[in-house]
Amino acid sequence: MGARLDEIKEPAARQLSEFTLEQAAKYLQEKVPMDEQTARQEAIAFSTSPVHSDYVLTEDQLRRESGPASAIPLTEVDRKLNYTFRFLSGLLKAANNMKYALSHAKKYHKWDNYEVLELLADENGVYGFNVHFSNGSKSTFSRTKDGVTQSNLRTSNGVGFMIGIIDRLESVWKADSIPVTDWEEFSKRKALEPDWPTQLGRTDG
């Protein structure tokens, strides 16, 4: 029977069980997977945690101690983990493909209630959007490697927009406060292209 990771101490008790810190770190590194430094930090965290583990990792089984006792062969754990990572890999690939496809689709989309959806994109694909309102306000969400921006937008209990002063809403579609008068020309722009020229769709007066 193997030892619980939370029973492994560093360094005095390294050899008191079948799992040393090095063995535990190597297992995490290969099976999760993760880099060597992170795997060792995780193994040390497991070994020094005062919280009793609900699970026991042996040489060939993953055992659950809380609730009804059960044991799963590590071969089955590996199989399920592999399927999980395959699913997540496929899901992320599909998401990235869709973001790339959308970056070559229309940049501006005409919504009901005189709202305009603008897709934000770069060479990696769509990374966010603006929703423009006829009172000159807009809601924004974007996520890039530099961080996440969320403005005039809530994501609790679904997505909701904070549209600003309702009394200033007009019966006209606008983008960045500029009325859109030629949707045919306006719709030709792709999401990957820069923002529309300020003169496009502007009305005189």
Subset of region 97-111 that is part of a strand (DSSP E or B) and of a type outside the set (Lys, Arg) - its residue that is surrounded by the most Cβ atoms within 10 Å (Cβ to Cβ): Tyr108
Any hit, region 36-45, residues being β-branched (Val, Ile, Thr), surrounded by 10 or more Cβ atoms within 10 Å (Cβ to Cβ) and not in a loop (DSSP other than H, G, I, E, B): yes
Arg143 vs. criteria touching a Gly at 6+ places or on another chain (Cβ under 8 Å) and over 24 Å from Glu193 (Cα atoms): no
Leading residue by the ranking (surrounded by the fewest Cβ atoms within 10 Å (Cβ to Cβ)) among those in region 124-170 that are within 17 Å of Ala191 (Cα to Cα) and in contact with a helix residue (DSSP H, G or I) (Cβ under 8 Å, 6 or more places away or on another chain): Asn124
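Each row is one residue, and each column tells you yes or no for (1) without any contact (Cβ under 8 Å) to a residue 24 or more places away in the chain; (2) assigned to a helix (DSSP H, G or I).
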{"site": "Arg86", "(1), (2)": "yes, yes"}
{"site": "Leu92", "(1), (2)": "yes, yes"}
{"site": "Asn113", "(1), (2)": "yes, yes"}
{"site": "Val116", "(1), (2)": "no, no"}
{"site": "Phe129", "(1), (2)": "yes, no"}
{"site": "Ser134", "(1), (2)": "no, no"}
{"site": "Arg143", "(1), (2)": "yes, no"}
Test: residue in region 153-172 that is part of a loop (DSSP other than H, G, I, E, B), free of Cβ contacts under 8 Å to residues at least 60 places away in the same chain and basic (Lys, Arg): no
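None of the figures in this text is laboratory data; all of them are computed from the coordinates on show. What you see is a predicted model, and the numbers here were worked out from it, not measured in a lab. Glycine also receives a Cβ, built like all others from the backbone with ideal geometry; neighbour counts cover every protein chain displayed.
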